[in-house]
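Here is the structure we will look at.
Derivation of every value follows stated rules applied to the coordinates shown; laboratory data play no part. On a predicted model such as this, the values are computed, not experimentally measured, just so you know. Please note: Cβ atoms are built from the backbone with ideal geometry, for glycine as well, and neighbour counts cover all protein chains shown.
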Amino acid sequence: MTPILITFGLALIGGTTAYWLNVPLAWLIGPLITIGMARIAGMNLKTPSGGLQIGQSTVGVAVGLQMTSPVVFFLYQEIGLILTAGSVTVLLGWPMAVLLQRLAQEDIKTCYFAAVPGGLSEMAVLGSRYGAQVEPIAIAQTMRLAMIVVVVPPVMALSGITGDSLMASSGADFLSWLNTALLIAVAVAVSAVLSRFKVSNAWLLGGVLTGCSIAVASKMVLGMHALVIHAAQFFLGIGLGVMFNRNFVTRAPRFIRSAAVIMVVMLGLAWAGAALVSHYTEHDFGTMMLSFAPAGVTEMVLTAKALGFEAPLITAIHLTRILFIVMFAVLLFRLTIEEKAPPSQ
């Protein structure tokens with residue numbers, strides 16, 4: 001229990017400090033930074049079993065509760081944008097892999113599965129299956145999640161980029177604490193079933209489906225207390241932070257620098273795409289930026305809820321991205337890289 005208690009203590013210090021500094025997503029970013037730095041320093045820290053997964057399901061429920069019939073109809077109207085955004089993200093995997101290979105001097109197979117913005121476990125498993133090195137893939141995917149969480153929300157807040165989405169839950173009827181606990185328990189159970197069937201992003205998706213079912217059935221705008229969302233952020237921050245370790249920094253400095261450059265390039269492309277789409281459509285820049293950012297869906301949804309952007313649309317775009325990556329990333333790999341790549345040593 002000692003490593004877990006120390007982990008909680010450091011996470012509380014990080015979250016409280018970030019909260020005092022008015023950092024957006026303070027209870028996610030603060031623990032992530034303090035735990036990540038402590039792990040890199042060599043501290044033996046651990047997260048409670050299931051904490052990360054419960055946090056993801058809780059965020060999923062919060063988003064699903066916003067999926068009322070008008071919101072579902074709105075997403076149906078935006079199906080073209082949702083599919084286009086998901087397709088572009090997958091297609092960017094190949095040029096980003098080529099750039100990463102030139103910068104890092106790693107094999108192209110490893111660079112491909114490191115550059116495609118999919119889930120850490122999914123990309124590591126696929127990479128291993130096709131002869132890539134698992135550790136650099138895990139490093140790049142973890143960096144992608146952490147860097148975007150630490151950079152994007154604060155930059156948007158400091159730049160005054162906020163939204164006034166009518167889909168925000170500020171006017172919602174809040175669930176009682178008992179109903180909240182029951183709903184999260186159901187969401188965790190649904191998520192566990194999806195996870196057992198190897199569904200990508202199962203823990204978030206299970207929460208979304210559970211919350212959406214309640215929203216459609218009740219025909220009411222429901223919400224969860226801010227304290228529940230903060231607790232979910234807290235566990236997510238710890239879960240991301242413990243992914244780091246000393247070897248993460250010391251074993252592959254060139255690859256880490258190169259992966260960081262790739263993240264900057266991808267964020268620049270997301271920024272340009274968001275500016276273009278917001279200019280020619282009625283969607284605000286912030287919603288599009290969070291939709292196009294090559295980040296984890298849970299973290300971008302939390303940012304959307306904190307800054308007042310269209311969380312359901314952002315959720316739909318990111319889940320579509322993940323679905324397309326699962327469906328087409330291997331096909332793109334075979335068409336562009338596998339036949340040209342030398343055999344792995």
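What value, in deg cm²/dmol to 500, does the helix sum -39500 (n - 2.57) over DSSP H runs of n ≥ 4 give at 222 nm once divided by the residues of the chain?
Rounded to the nearest 500, it is -24000 deg cm²/dmol.
Using the basic label-point model (7 angstrom from Cα toward the beta carbon), what is the VAL216 to SER195 distance in nanometres?
So the two model labels end up 2.5 nm from each other.
When the Debye formula is applied to the Cα atoms of the range 1-128, each taken as the same point scatterer, what base-10 log of I(q)/I(0) results at q = 0.17, 0.23 Å⁻¹?
Scattering profile of the range 1-128, log10 relative to I(0): -1.13, -1.15.
So how far apart, in nm, are the two label points at THR17 and LEU83 if each is 7 Å from Cα heading toward Cβ?
The two pseudo-label positions are separated by 4.8 nm.
Taking amide H atoms as placed 1.01 Å from N in the peptide plane, list the residues 5 or more away in sequence, or in a different chain, whose amide H sits under 5 Å from that of PHE174.
Amide H neighbours of PHE174: GLY223.
Would you list THR298, THR16, THR281 from fewest to most Cβ contacts within 10 Å?
The order, fewest Cβ neighbours first, is THR281, THR16, THR298.
What list do you get for LYS109, LYS198 if you sort them by fewest beta carbons within 10 Å?
With the sparsest Cβ surroundings first, the list reads LYS198, LYS109.
For an R0 of 22 angstrom, estimate the FRET efficiency from the Cβ-Cβ distance between VAL125 and SER49 and round to the nearest 0.05.
0.55
With r defined as the distance between the Cβ atoms of ASN247 and VAL72 and R0 fixed at 56 Å, what FRET efficiency is calculated, to the nearest 0.05?
0.80
Please report, in debye to the nearest 20, how large the charge dipole of the range 227-345 is about its Cα centre when each Lys and Arg carries +1 at its beta carbon and each Asp and Glu carries -1 there.
600 debye
Distance from the Cα centre of the range 1-50 to that of the range 303-324, in angstrom?
Cα centroid of the range 1-50 versus Cα centroid of the range 303-324: 25 Å apart.
Give me the base-10 log of I(q)/I(0) for the range 77-169 at each q in 0.14, 0.18, 0.21, 0.26 Å⁻¹, Debye formula, one uniform scatterer per Cα, rounded to two decimals.
-0.66, -0.90, -1.04, -1.22
Cα centroids of the range 94-149 and the range 51-81: how far apart, whole angstrom?
Measuring centre to centre over Cα atoms gives 28 Å.
Over its Cα atoms, what ratio of radius of gyration to 2.2 N^0.38 Å does the chain give?
Against the compact-globule rule of thumb, the ratio is 0.96.
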